[in-house]
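> Take this structure first; my questions come after.
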Amino acid sequence: MQNRPRGNEYRTTLVCVDGYTDGVLAGCFYNPQCPGGKEFQSLSRFLIQMEDMLDGMQMPQSYTAARGFSGLFESKEGKRPRGEKPQEGKLATFAIRILFRQNASWQGSVAWLEGGREDSFRSVLELIFLMDSALRDLKVE
């Protein structure tokens with residue numbers, strides 16, 4: 001049997017959004033698998049790094065094998081120091097709970113912590129629309 005986390009806390013990832021300029025997402029996400037956090041500077045980097053983390057944990061297990069044009073993808077994400085308090089994004093904070101990875105996508109729920117709202121999503125695209133709806137009306141200073 002493979003060594004992998006078993007607790008449900010591994011299904012939830014805290015996403016701290018620090019920037020959302022012209023629709024470009026920037027911030028850091030945290031999960032018990034990567035307590036130091038992983039920084040991202042775009043939506044595509046966020047999604048790829050999340051998928052890499054989920055593959056590494058094998059939880060939830062992927063329904064399909066990942067495909068790509070070249071060899072194995074190597075993640076080169078940055079980490080924040082463990083002493084830093086990573087619990088809140090400058091613009092928004094989302095708790096993403098991924099329950100399944102079927103049909104080459106994710107299914108679960110997302111909670112917008114500052115807005116006090118939670119909704120389910122059936123695909124990564126739907127997750128993006130939910131996060132965008134919370135972020136697009138925020139004023140960036």
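The values are calculated or read from the model by the stated rules, or taken from the named source; none is laboratory data. Small disclaimer: the values here were computed from a predicted structure and weren't measured. Cβ: placed from backbone, ideal geometry, glycine included. Neighbour counts: every protein chain shown.
> Search the stretch 103-115 for residues that are at positive phi and pair each with any residue that is surrounded by fewer than 17 Cβ atoms within 10 Å (Cβ to Cβ) and part of a loop (DSSP other than H, G, I, E, B) when their beta-carbon atoms are under 7 Å apart and the residues are at least 6 apart or on different chains.
Final answer for the pair search is Asn103/Tyr63; Ala104/Thr64.
> Which condition does Gln58 not pass, out of (1) on the phi > 0 side of the Ramachandran plot; (2) at pLDDT 85 or above, if it passes all the others?
Just one mismatch for Gln58, condition (2).
> Here is a follow-up. For the stretch 10-33, which residues satisfy the criterion of being in contact (Cβ under 8 Å) with a residue 60 or more places away in the chain, of a type in the set (Gly, Ala, Ser) and not in a loop (DSSP other than H, G, I, E, B)?
Listed by number, the residues that qualify are Gly19, Gly27.
> Just the residues that are farther than 19 Å from Asn31 by Cα, in contact with a helix residue (DSSP H, G or I) (Cβ under 6 Å, 6 or more places away or on another chain) and crowded, with 17+ Cβ neighbours inside 10 Å, please, taken from the stretch 106-141.
Hit for the stretch 106-141 is Phe121, nothing else.
> For Arg122, state whether it is at pLDDT 95 or above and over 23 Å from Gly19 (Cβ atoms). Give the steps one after another, and end with the answer.
Values: at pLDDT 95 or above: yes; over 23 Å from Gly19 (Cβ atoms): yes.
Yes: the conditions hold for Arg122.
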